Amino acid sequence: MIANALTVILIFAGLVFFAAGTAGLLRFPDVYSRLHALTKADNVGLGLVILGLMFQAGGPADILKLLLIWVLVLAAGTTAAHMVAQRTWTHGEFESDR
Amino acid sequence: MARASVPSNAGRRFAGRGRSRARRALATAAAATLLWWILAGSAALLEPLALLAIVLAAVASLLLPAGRPLPLRPVALPGLLGFFLRSSFLGGLDVARRALDPHLPIRPDFLTYRTELAHGPPLTLFMAVVSLLPGTLSVRLEGRLLTLHVLDRDADTRAALIALEQRIRKAFHDPRDRQASDDGAAP
């Protein structure tokens, strides 16, 4: 019961971060600022969702699997953000909106 | 940040090659076992395919040439992990607040920072973590000069970067510090 409540609260909090990250992606003025929103907010959002799901895990293997997912997404996200930023720095923005 | 350059004449030491290879194979087998257990559950560990994969992984680490060793210092890892979790959470909170604020309070700018970290894992980790700290995004690395994008040009970004750099330096054995740490046992 308490575990279920914690799961709901944590996942809801995580979704707020995903929504905020998406809002930043739409509202921020340039590629770099958008990358901030995407990487950081989604990292925390996914972290909270994963933490919430851990309370539903069947055993230590499930918990470690969730943790592994978070770490891999984290590494991929921050690397991708850096690569997009570097590409933008050397080649300019793909579209000059705003 | 600006640390006086340490004379880099510290001699490199190689441990016994055969022993370190056997240890590496054992560690690989253990990691493969752990990974298989995480992905497939404990019952699947006894299947022949699992045993085959684990043995092959260990054999591969014996046959393939060794990569560069990862000079981690386990003592400093919990501190680094705690620092990372705290500041990456604050980073997400900060950017979420800015993104949802009707006034969109961001003043983006570029900033350069010269790091003293060694090339390789420490510098890679530094650049990766920088992108998750509040308001910073690593853009480009030229030599040791890092170009960053910051969301708020008035924030004290430099202090945060220095704190992170110190944490990471503590978590790795710097080849330039090796001589000092070896001699440091008897002051």
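Summary of values
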read-out: Computed [θ] at 222 nm, helices only, for the protein assembly as shown once each DSSP H run of length n ≥ 4 contributes -39500 (n - 2.57); value: -20500 deg cm²/dmol
read-out: Order of B:Glu116, B:Glu47 under a 10 Å beta carbon neighbour criterion, fewest first; value: B:Glu47, B:Glu116
read-out: Inter-label distance, nm, simple model (7 Å from Cα along the C-beta direction), A:Leu67/B:Arg158; value: 3.8 nm
read-out: For region B:147-159, Karplus couplings with θ = phi - 60° (6.51, -1.76, 1.60), whole Hz, Gly/Pro x; value: 9, 10, 10, 10, 7, 10, 5, 8, 5, 7, 5, 4, 4
read-out: Rounded to 10°, Cα long-axis angle of helix A:42-54 versus longest principal axis of chain A; value: 10 degrees
read-out: Cα gyration tensor of region B:17-63 - equivalent ellipsoid semi-axes, whole Å, descending; value: 22, 10, 6
read-out: J(HN,Hα) series, region B:125-133, from Karplus relation 6.51 cos²θ - 1.76 cosθ + 1.60, nearest Hz, glycine and proline x; value: 4, 4, 5, 5, 6, 3, 5, 10, 6
read-out: Where only C-alpha atoms are counted, convex hull volume of the protein assembly as shown per residue in Å³; value: 182 Å³
read-out: Dimensions (Å) - chain A, Cα atoms, principal axes, largest first; value: 51, 24, 12
read-out: Taking the C-alpha atoms of region B:74-180, convex hull volume expressed per residue in Å³; value: 89 Å³
read-out: Distant-in-sequence amide H partners of B:Arg73 (H built 1.01 Å from N, under 5 Å); value: B:Phe172, B:His173
read-out: Neighbour-count ranking [beta-carbon atoms within 10 angstrom, fewest first] of A:His36, B:His103, B:His119; value: B:His103, B:His119, A:His36
read-out: Cα convex hull of region B:75-122, projected area averaged across orientations, nm²; value: 5.0 nm²
read-out: A:Lys65, A:Lys40, B:Lys170 arranged by Cβ crowding within 10 Å, fewest neighbours leading; value: B:Lys170, A:Lys65, A:Lys40
read-out: Relative contact order (%) - region B:17-63, alpha-carbon pairs under 8 angstrom, separation at least six; value: 54 percent
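Computed from the coordinates by the stated procedures, all read-outs in this text should not be read as laboratory data. This is a predicted model, so every value here is computed, not measured. Positions of Cβ are backbone-derived with ideal geometry, glycine not excepted, and every protein chain shown enters the neighbour counts.
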